[in-house]
Amino acid sequence: MENKFYIERTLRLAKKAAGFTSPNPMVGALLIKNNQIIAEDYHKKPGTPHAEALVLSRAGEKSKGSTLYVNLEPCCHTDKRTPPCTKAIINAGIKKVVIAMLDPNPKVAGKGVEELSDAGIEVIHGILEDKAKKLNEAYIKYITTKKPFFTLKIAMTLDGKIATPEGQSKWITGEKSRKLVHRIRSSSDAVMTAIGTVKADDPRLTARIKRGKNPIRIVIDPELQIPLNSQILKTPPETIIVTKNNNPHIAEFERLNIELINFNDKLDLNWLASELGKREITSVLLEGGSSFNSYVLEHGIVDKVMFFIAPKIIGGKDSFPAVGGKLFKRLEDAYNITDIKVKKIGSDILVEGYLKKS
């Protein structure tokens, strides 16, 4: 129980940096000596000291003989901007290390635990492992596949509509749900949408919260129809346009220093995922319309879904469904969602879960 208590605390510490550590994981650490916390901290952003190094520095000589709690296996390689944490832990005289999960990075992957054990340090791992994996689910996917973790967010009515026939969609959900979406944007590296949403709503897709971080915007726009005065192009940070490589307007956008990802005749979203991974984008929030939602599901890139359901009924066969498209799934082939959680957000209901991969 004591181990779980302190590991839970490291997870809370780690989460303070949500959205700021990418492509690194979120990591929190603390030192215990004589049943007291003598130091605690968390990794702030890439290139800065890791959580373990921070607590060892804070505790100084008091570190000797203490127990280190950390939510991710300490790093042991030198292929990065900061020194390996295992060496610092050994040199500080730590007697015991308790870890939530092993690091899936092939450069670590148990080697950190082995190095600590070989130095005579008692090591325990696997404490609240599932919680630790949830916290760093985007990092885990990115470090093992070099592709981002995709979350599909949909705000809809009780009867599954996201807009009226004339396109009215503001505001389906309540203020608390919208604030939560801004927090989710802030913790994501990027938000991806399609040109239809940009032309219809002229969104900014920013995180309008205190101390929030705005995500990169990605717009799928095969014919480069995006107006140059769009909010999404005028609001920092950058916006990446995904377009056909034979478009005559490409030179104009390049002159304006707008980043383009060019594809041939047909866009393969799995190829696009790899291209985003090359840019160290580890997490993408998918926010679009009915056809876009269908498109990303059909291409199999969605890892997680978040359905915000408002206690409203629009009705009408011409109202836009949450997931449109020309294709449909027979019941035996329907997209299955696992590990479902249901929360009440103000007057709305949030249903979230993970897409079962075939």
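So here's what we get for this one:
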quantity	calculated
Candidates 311, 74, 248, ranked by Gaussian network fluctuation over the chain, Cα under 10 Å, top entry	248
Order by protection proxy (mean Cβ within 10 Å, highest first), peptides 255-267, 228-240	228-240, 255-267
Average projection area in nm² (convex hull over Cα atoms of the chain, one quarter of hull surface)	20.2
Translational diffusion of segment 1-157, µm² s⁻¹ [Kirkwood Rh, Cα pairs; Stokes-Einstein; 25 °C; 0.890 mPa s]	157
Chain lengthening between residue 159 and residue 312 when straightened (0.36 nm per residue, less Cα-Cα)	54.3 nm
Pairwise centroid distance, computed over Cα atoms, of segment 168-191 with segment 289-358, Å	16
Principal axis dimensions, largest first and in whole angstrom, of segment 223-358 by Cα	46, 33, 33
Calculated from backbone phi, Karplus (6.51, -1.76, 1.60) coupling profile of segment 169-174 in Hz, x at Gly/Pro	9, 9, 10, 6, 9, x
Chain lengthening between residue 279 and residue 15 when straightened (0.36 nm per residue, less Cα-Cα)	92.7 nm
At least 18 Å along the helix axis (C-alpha) and Kyte average at least -1.0, DSSP helices within the chain	2-15
Projected label distance in nm at residue 356 and residue 129, using a 7 Å step from Cα toward the beta-carbon	2.3
At R0 = 45 Å, FRET efficiency that the Cβ-Cβ distance of residue 347 and residue 264 yields, to 0.05	0.45
Gain on full stretching of the segment that runs from residue 87 to residue 146 - 0.36 nm per residue minus C-alpha separation	18.5 nm
Amide N of segment 320-358 lying under 14 Å from the label point, which is placed 7 angstrom from the Cα of residue 298 along Cα→Cβ	323-330
Calculated FRET efficiency for the pair residue 208/residue 338, C-beta based, R₀ 45 Å, to 0.05	0.90
Value in Å of the Kirkwood radius, where segment 20-90 supplies the Cα pairs that are averaged	12.2
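Quick note: the coordinates plus some simple rules give every number you see, no bench work behind them. Not measured: the values here are computed from a predicted model. Counting neighbours? That spans all protein chains shown, and the Cβs are built from the backbone with ideal geometry, glycine included.
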